[in-house]
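The next block holds one structure in the form of structure tokens; read it before the comments.
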Amino acid sequence: MKVLEAIAFFGVEIIFFLLVFLFLVFEKTLSIFGALAALVALSLLVGRYPVLHQFLRRGFSTYKIPSILLGLLFILVLPILLKERPYHIFILFNAGLFALLALGLNWQIGSTNIVNFATGASFATGAYTAALLAVHLEWPFWVLLPISGLAAATVGFILGLPCMKTKTYYLSLVTMAFTIIVYLILNNLDFTGGPDGISGIPFPSLGFHSFGSPIRLWGLEIPFQANFYYLVVVLVAITFLVDQRFRYSRIGLAWNAIRNDEIAASCQGIDILYYKVLSFSANFFFDGISGALFAFSMGHISPESFSFNVSVTVVAIVIVGGLDNPVGVLLGSFLMIIIPEKFQVFQDYRMLIFGLIILLMLRLRPKGLFPPSVRTYG
């Protein structure tokens, strides 16, 4: 019986990965819709029937290590399977980049109930910090990665303090205004390049290997975009582990207490100001890292890449994926970034569609496609 359950569990996992791959490689609209419909149907079946949900949870609990290894294997071989499609690898990298942004924002929206629309500004802080120091002082990427995160975290700390004097949608309006101010500053200052931005950002290198060169492995040549894909996978994994440490620590519990009832949390001795500002700084730190990675991957940045649309997209990812659920946020990043790329006919209406999706999710499924599970300790 256990053997049959194992076969069924891994069969479902393999089917899921196969559908994801087909969704990525299909080019015709009807085929894309078919693969996407199959993925949605699989998710709805699991959500509708508790027996299936319990079966998958029990299977993952029993075969946790093999299941994770199978998922990692799929992630690692994707660039090899897509070696003739470099643009598809770039889309996956972009989804990973937004997953980094969304995981950080989830600590505010999901964990602490701070609706922050300043992601575009924190993203830009990391990108411009890295770009300016790389172009003018020739600092290496691996040094600039943490420095960009710290620069953005400092901005988060500075923004967080005055934001604590506001609540609910007033706080959201302050973060919106901050994003627009940063965007205007980048457009009008000479040292940031104005609307033309900054060019000539060099590719990172690891030893003798430049990230601008293709990966040659056992006779295979994988496009250079795979370098950034693998790097963002590592950074997402690190951020996910940090998220788990936060979630099961005093910090995560304090954030959730503030989210549920700020007055009660304060009466229990929780320092509201400290933990709220900490959520700003932690979120902005990983936004800064994402910005540095974006700058070095593109070789050129301009203010248009950090408009208010970025903030709206990341908020939509968190709401759709699942508030306070990092796994849901990762899946939400895949859905919200890759689906618009596959349906190019809707590109001009992306922000309108994102707005409608947010309204529908808040009305029909306010906790997202993948609501948070109850914490278990042991």
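Quick rundown of the values:
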quantity: Choice from ILE258, ILE353, ILE198 with maximal GNM fluctuation in the chain (Cα, 10 Å cutoff); calculated: ILE353
quantity: Choice from THR154, THR166, THR125 with maximal GNM fluctuation in the chain (Cα, 10 Å cutoff); calculated: THR166
quantity: Under-5 Å amide H pairs with ILE114, H placed in peptide plane, nonlocal only; calculated: ILE109
quantity: Relative contact order %, the range 242-355, counting alpha carbon pairs below 8 Å whose residues are six or more apart; calculated: 14 percent
quantity: Loop-resident sites, the range 1-99, for chymotrypsin sites (Phe, Trp or Tyr not before Pro), counting at most 16 other Cβ within 10 Å (DSSP); calculated: PHE26
quantity: Loop sites in the range 1-54: GluC sites (Glu not before Pro), DSSP, at most 15 other Cβ within 10 Å; calculated: GLU27
quantity: Under-5 Å amide H pairs with SER205, H placed in peptide plane, nonlocal only; calculated: PHE141, PHE211
quantity: Under Karplus coefficients 6.51, -1.76 and 1.60, residue-wise ³J(HN,Hα) of the range 15-20 in Hz, glycine/proline x; calculated: 4, 4, 5, 5, 5, 4
quantity: Equivalent ellipsoid semi-axes - Cα gyration tensor, the range 1-81, angstrom; calculated: 24, 18, 9
quantity: Table column - 3J(HN,Hα) (Hz), the range 321-328, Karplus curve with 6.51, -1.76, 1.60, x for Gly and Pro; calculated: x, x, 5, 6, 10, x, 5, x
quantity: Integer Hz, Karplus 6.51/-1.76/1.60 couplings in order for the range 259-266, x for Gly and Pro; calculated: 4, 6, 6, 5, 5, 5, 4, 5
quantity: Within the chain, helix-based [θ] at 222 nm, where runs of 4 or more DSSP H residues each add -39,500 (n - 2.57), nearest 500; calculated: -24500 deg cm²/dmol
quantity: Likely footprinting exposure, HIS300, HIS136, fewest C-beta neighbours within 10 Å first; calculated: HIS136, HIS300
quantity: Nonlocal Lys pairs with alpha-carbon distance under 30 Å, the chain (8 or more apart, or different chains); calculated: 12
quantity: Translational diffusion coefficient (Stokes-Einstein; Kirkwood radius from C-alpha pairs) of the chain at 37 °C, 0.692 mPa s, in µm²/s; calculated: 151 µm²/s
quantity: Relative contact order for the chain, counting Cα pairs under 8 Å that sit 6 or more residues apart, in percent; calculated: 26 percent
quantity: LEU359-ASN260 pseudo-label distance in nm [points 7 Å out on the Cα-to-Cβ vector]; calculated: 3.3 nm
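Bear in mind these aren't lab numbers, they're just calculated from the coordinates by the rules spelled out. Quick caveat, the model's predicted, so the values are computed rather than measured. Ideal geometry is used to build each Cβ from the backbone, glycine not excepted, and the neighbour counts take in all protein chains shown.
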